[in-house]
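Some notes on the structure that comes next.
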Amino acid sequence: MSLIQTENLTKVYGAGETAITALNCVNLQVNAGEFVAVMGPSGCGKSTLLHLLGGLDRPTSGSVMIQDHPLAKLSDDALSQLRRRKIGFVFQFFNLIPILSSVENAALPLLLDGKNSAQAKHKASEWLTKIGLGERLKNRPDQLSAGQQQRVAIARALVTEPVLILADEPTGNLDTKSADEIADLLKQVAKTWGRAVLMVTHDPRIATHADRIVLMRDGQIVEDKRNAKDEG
Amino acid sequence: MNLQLTLAARYLGGRKLRAFLTTLAVVIGVMVIFGMGVYLPSFTAAFEKSLLAASGQADVVITHKTGESFAATMLNRVRAVNGIAVSVGAVERIINIPPNFYGKNSTVTGLTLVGVEPAVAPYLHADYTTPTQGRFLKQGDGNVAVISERLADSLGVKLNDTVKLPTTQGVVKLTIVGLLPGRALTGNEQIIIPLAQAQKLLDMPGRINVIEANLGVTGEAERRAIVEQIKAQLGNTYTLGGLSSGSEFLGAMQMAEVIFNMLGLLTLAMGGFIIFNTFRTIVAERRHDIGMLRAIGANRATIISLVLTEGLVQGVVGTAIGIGLGYLLGVGITAGTGAVMKSVMNIELTPVVEPPLVVVSILLGVGVTLFAGLLPALSASRVTPIEALRPALSQVAQRFSRIGTLVGAVMIGIAIAGLLTGFFPLVALGGFMFLIGLVLVAPALVRPIANLFGMLLALLFAREGTGELAQGNLTRQPSRAAITASATMIGLAIVVGAGGMMFSLTGTVMQLFSKTLGSDYLLVPPSIAIWKGDVGASESLKAKISSIPGVGVVSSLRYAQSSLQSAAIKGSGEATISVLGIDPVEYPKISGLDFQKGTAQDAFAALAADERNTIVNGILAAGANLKVGDLIPLATPTGLQEYRIVAIGSEVLSMKINTAYISQANLKADFHKSEDVFYQVNLAPGADVALAEQWLNQIVADYPQFRLVGGREYTAEFSAQYDSIFIGFYVLLGVLAFPSLIAILNTLAIGVIERTREIGMLRAIGATRRQVWRTIVAEALLLAALGTGLGVLAGLYLSYVFVEGLNASGIYKMAYAFPGAGVLAATAVGLIFGVLAALLPARQASQMEIIKALRYE
Ligand SMILES: Nc1ncnc2c1ncn2[C@@H]1O[C@H](COP(=O)(O)OP(=O)(O)OP(=O)(O)O)[C@@H](O)[C@H]1O
Ligand SMILES: [Mg+2]
């Protein structure tokens, strides 16, 4: 049994002559503890795939199952809850709330889930410490470097103990050194903490950190291979 | 603290200026409503209380419907009714005290002269039997009086001193024989003298104007039966119970209260627009944050409550401050107008805070804020999580709803159609539809108007492209620009509307004034127009004035109160009327009426004839639907008398009071009134002015109830007085206009905050500080021009509605005057406000540090 499984996942934007098929019958399975990199030229449908997997958008046809539960049947509230508890997101632009400190930002999903504020912050600082930001708990995003901001975002994604982490070009806005560190961290997330991690990236060097590389073109998966370096 | 509150507090804290401005909008709206709520009811309450006090403590108080005197023998009819324990006849008359009559520092401006039968009155007023010093009146007393200790204090007199009083016989001195304990009632202090003496001093021999009676039974049903019997005995020209006069004035006060509440509501609506606008921007600005929250699992309800919590915090804080400031405003207005009210009407004002007012203010303040935040909150909840994954780009070219534009256009059409019908309810409804219509159409107008002004600005700020940039900034957010403009519009509409109304009023009044009060000299009583309390002089004064060498024409006014029953009169079907007696020969020589129907020549000739003819003024004709040729039954002390209307005409002093002019001969015959309350004097050509004036002064010195003033001087005084009454109103208008300044400031500030990155980019690629500054100022000018244009348009409509409304309500009758100066002033103020509002944000934008701006999230 796979953690995520898609069946003929298709997404068409628009209708009639201007319709764009962003995803075309994609079948993909990802297991717990797997670190998958999704690559492909711009506009091939990588982000669209991530959105559908994370329940941010609904497919035109086909289905997404997470832990054997089809997402199609869920209401908006149920999907929100699923995102809150089972999925963690990491964005290219970090998307931290500028007025909140690192801890508060990382604790957000727990707070949204109605958890007690002290507990939530305790948990958030644990995660921040684990990923090396123990010194920066009280700082606000504008007092952090880009790499540090992305770490806060990763802590935020992990704080609810989700089964799946979705990251859309998490290193797109970082310098090489920080990018490598973030990729390593995501690998650690998969390996040490046993989450499934799906990361979209343009950078082949970053992709080499992953176990598996999925290559897309024109809305379809054209190649799905084990990472040679990883096997070796 | 829960998440919503934390986020609300942090967001507000992070944008202090904006949070302050938004909250200020709530503050001002609540302040106006609360302030007016504190002031107006206290005013009406005080007025009602003094009316109640006037009606006394006896079981039954009988007065003539006209308020005038009647034969003392009427008392016998009352005494004939079974079940009446005791009944007394009395004379009660308010006497206005001329300024400085009791010395410079005296605060006594009016007294009630009460003439009672010394032997019987104590049966009805127990306090008469227990004087604290001296004794009560007794049979055979002459010029003696009993007054309260409090009055004695304020007059600075003691037992056995004398106190002087203006009367129809000139000034008389009364010896104080007794002091009574202070009364708990508000209203004038009383001077109690023997009935016979009062009849002599007031020139009303054998007459009384009030009968008080106590009943010998206590059962409610029995009492009612007795009251019915009294009514049957007296006929329907008498009133039982309290005084009905003054109710007309109460009506006017209620109308004012409605108008002020309307203004308060409009202000709050304006505040609502500001808040709405802020929240829209907040949502637009935080699309990323909101999208991220959605992506990490916040559901729609959470997002809605997030935005609403922020609104709630501001609503609560704003309302609390608004109530505080509103209380101060109310107290301030009370203090500011208190002196005038006390001297004009003997009313003490104390600000009152009624619990319902607090509740309503809170509901409105918090409610409007939440309501204004609701739409943006809903739109925030529709932000998709995917928004968070897109790179940040401020939105370009919002669309506006075509349906809204269409509905707005239709509403404006209906409003104009309503205006054309001239039917007041439709005109009034049209006023609101016009405003709402403009608000709806505004977004569609932004682009063309911005383009138009943009061309002008391009000429001003040539070559730099700042004008175009400003224009572009506005047109890409037409709805937001329109909302700001709408807030400005409502603010200016109120100012132009109310200002236009006052302009019409002042114009009408001053025109009438110069026409009807153009004589060389006037002898003015303490209270003009509300003649009831004035003590006039007997015919001998007029004769004395006429005999002064150099005096050409002397004309006097006499006064009596009456009432008219007619199905056409709204409410009770009955109206109180001032009957003014004029000399049909002398009056037209020196004064005049502004005739709406009929001619001066025919009308005065008809009054001179030995028939019952009358000229009614405009407000009476409108209120009772009267035409020339109608016969109207006027209530007189001798019963109903039919007068034929020969013309409709008004003069300034009585323009807002139902008035019928009749000949002095008829006034004497039907109303038993022959005292003159107002004189106009013209000198003969070639007269020795100095000598004549000296004589006049000398004669008037014996009649301190009159003040001698020169005609021109009086006109100036009148217009000054008139202006001073309106100063409060102007202040209020200022308070109302202020939010529109904040609206523009707010939008601009938000616009600057929102475009921080863009501005940083502009600066990075080489725009100078000056250019950035100009862009913002140009944008402000565009916004202000839009708001001002629409505001003036709506204001003109509103002023027309106000004028028509006042005409229809019968409080004032006036012609609509186009407030040209007001329009110019409003335009100037609107544009100046625009620039003022721009200064702060423009400074902020131009001083921005480029690096910070570029990194701004
Ligand atoms: N909201 C939308 N409406 C219409 N078309 C869309 C929308 N979002 C994406 N598309 C189209 O779908 C296709 C796939 O887009 P997607 O964002 O998934 O590409 P991507 O692989 O993530 O590209 P990039 O590497 O540039 O981020 C593109 O052709 C894009 O133009
Ligand atoms: Mg993408």
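Quick note: the coordinates plus some simple rules give every number you see, no bench work behind them. Note that the coordinates shown come from a computational prediction; the quantities given were computed from them, not determined experimentally. Neighbour counts run over all protein chains shown; Cβ positions are idealised from the backbone, glycine included.
For a paramagnetic label modelled at 7 Å from the Cα of A:E17 toward its Cβ, which residues of region A:188-225 fall within the zone defined by backbone nitrogen distances under 18 Å? The answer is none, because no backbone nitrogen lies closer than 18 Å to the label point. Taken as Cα centroids, region B:542-563 and region B:121-172 sit 33 Å apart, rounded to the nearest whole angstrom. Taking A:S178, A:S42, A:S102 in turn, the Gaussian network model of chain A (Cα-Cα springs below 10 Å) assigns the largest fluctuation to A:S42. Computed over chain A with a Gaussian network model linking Cα atoms closer than 10 Å, the most mobile of A:D180, A:D68, A:D203 is A:D68. Label-to-label distance, B:V585 versus B:T73, with points set 7 angstrom from Cα along the beta-carbon direction: 3.4 nm. With Cα atoms as the point set, the radius of gyration and Dmax of chain A evaluate to 17.4, 55 Å.
Amide H to amide H distances under 5 Å link B:V210 with B:A90, B:E92, where only residues 5 or more positions off or on other chains count and H is placed in the peptide plane.
Using 27 Å as the Cα-Cα cut-off, could you pick out the over-long pairs in B:K542/B:K627; A:K123/B:K16; B:K65/B:K104; B:K627/B:K668? Those over the limit are B:K542/B:K627; A:K123/B:K16; B:K65/B:K104.
Using only Cα atoms, figure out Rg for region B:58-240 and give it as a multiple of 2.2 N^0.38 Å. Please report the intermediate quantities before stating the final value.
Details: Rg = 17.1 Å, N = 183, 2.2 N^0.38 = 15.9 Å.
That works out to 1.07 for region B:58-240.
Output the relative contact order of region B:58-240, whole-number percent, from Cα pairs under 8 angstrom with separation of 6+ residues. Let's see the in-between values first.
On the way: 360 pairs, mean separation 68.7, N = 183.
Relative contact order of region B:58-240: 38 percent.
For region B:57-136, a Kirkwood hydrodynamic radius built from all Cα pairs, placed in the Stokes-Einstein relation at 4 °C and 1.567 mPa s, yields a translational diffusion coefficient of 85 µm²/s.
For region A:60-73, backbone phi angles converted through the Karplus equation (6.51, -1.76, 1.60; θ = phi - 60°) give residue-by-residue couplings of 6, 8, x, 9, 10, 10, 10, 6, 6, 9, x, 6, 4, 7 Hz, Gly and Pro being listed as x.
P(r) tail for region B:611-687, what percent of Cα pairs lie past 22 Å?
Values: 916 of 2926 pairs.
Of the Cα pairs, 31 percent sit more than 22 Å apart.
The Cα-based radius of gyration and maximum Cα-Cα distance (Dmax) for region B:527-701 are 16.7, 54 Å. Look at the alpha carbon pairs under 8 Å that are at least 6 residues apart: their mean separation over the length of chain A gives a relative contact order of 28 percent. Once you reduce region B:636-702 and region A:68-136 to the center of their Cα atoms, the two points are 88 Å from each other.
By how many nm would the segment from B:S154 to B:A690 grow when fully extended, if each residue of separation counts as 0.36 nm and the alpha-carbon distance is taken off?
Working: separation 536, 0.36 × 536 = 192.96 nm, distance 3.81 nm.
Full-extension gain reported as 189.2 nm.
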